Amino acid sequence: MVSCPFGIHPKKIPILGKNLKKNGIQLIWVTPLRALSQDIQKAMQEVCEVIGLPWQVMVRNGDTDTKTRAAMKRNPPECLITTPETLHVLISQKDHKDLFQSIQAVVVDEWHELVGNKRGVQVQLALEYIQSICPGTFRRWAVSATIGNLQDASKALLGENLPLHIVKAKVAKEILIRSVFPEEIEKYPWHGHLGIRMMDQVIPIIEAGRTVLLFTNTRSQTEIWYQKNTGSPTRLGGLDCDASRFAGQFCPSLGRKCAA
């Protein structure tokens, strides 16, 4: 279990296997956030290039086209980034046992988001099944934001028989809370606004920061804020690959990343 405060994410990946190409799948990175898969792939590929590891990093999720899926099946990458749902799709395919024979490690990202819901159960069931068809015991890594019950959260993923190691970041973070109120509360609408009236007050705060994470309550609110700020109807949540790159490059006023 690797526990980091929110806003800090480990940039290194487990180095496994041989320094050769075509090793088969060595590492599976499971993330519940499909929209961030491309960012994770880019970061991991850069790490491999910097350390001189000739690994191929690819994404397999609901946005992956048929041609890429077929190519992955013929020549699996050493590192596969996927979601809990797609992982179950992979283990339900014909000849799936051959795909998982070379697994050395599975990393479950955002474990604090998965541990208490059905998607977390999906991950647990998938890992237990993959372990049953693998010739050796693969390592299980969990990456989590600050969570109170690290021991229980770790055991939920590892079970009772595997050894437990917790790596916890000790970072002193200064927390400043600033409340922003409408200039005229009497005229503030009771419904249907989704915070748009506050945009003129919030945008300067965002622009003053170097890196900003903007959270909203719902996907629709994220879409409306993005549309109002850019003049584009493109959806921010559930974007395909091209639209995701567009949002990341041409949405500077909303910061580098917007999360719903």
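Per-structure values
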read-out	value
Hey, Ile51 farther than 18 Å from Val30 by Cβ and aliphatic (A, V, I, L, M) or not	yes
Identity of the residue in segment 96-154, part of a strand (DSSP E or B), in contact (Cβ under 8 Å) with a residue 40 or more places away in the chain and over 16 Å from the mean Cα position of the chain (by Cα), that ends up nearest to Thr31 (Cα to Cα)	Ala105
Selection count, segment 127-153, where residues are of a type in the set (Gly, Ala, Ser) and surrounded by 20 or more Cβ atoms within 10 Å (Cβ to Cβ)	3
Only one of Ala172, Ala126, Ala105, Ala145 that is within 23 Å of Met44 (Cβ to Cβ) and either modelled with pLDDT under 85 or of a type in the set (Ser, Thr, Tyr) (or both)	Ala145
Residue within segment 81-88 that is at pLDDT below 90, under 26 Å from Cys4 (Cα atoms) and surrounded by fewer than 20 Cβ atoms within 10 Å (Cβ to Cβ) present	no
From the options Ala105, Ala156, residue that is open to solvent by less than 80 Å² (accessible area, probe 1.4 Å) and out of contact with any Gly (no Cβ under 9 Å at 6 or more places or on another chain)	Ala105
Flag if Ser179 is out of contact with any Ser or Thr (no Cβ under 9 Å at 6 or more places or on another chain), of a type in the set (Ser, Thr, Tyr) and either at positive phi or in a loop (DSSP other than H, G, I, E, B) (or both)	yes
Any hit, segment 182-190, residues being modelled with pLDDT of 75 or more and open to solvent by less than 50 Å² (accessible area, probe 1.4 Å)	yes
Single unsatisfied condition, Leu53 versus (1) more than 21 Å from the chain's Cα centre (by Cα); (2) assigned to a helix (DSSP H, G or I); (3) of a type in the set (A, V, I, L, M, F, W, C)	(2)
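The values are calculated or read from the model by the stated rules, or taken from the named source; none is laboratory data. As the structure is a prediction and not an experimental result, all values here were calculated from the model. Using ideal geometry, Cβ is built from the backbone for each residue, glycine included, and neighbour counts are taken over all protein chains shown. These accessible areas exclude ligands, DNA and RNA; they are computed on the full protein's heavy atoms, side chains included. Shrake-Rupley method; radii C 1.70, N 1.55, O 1.52, S 1.80 Å.
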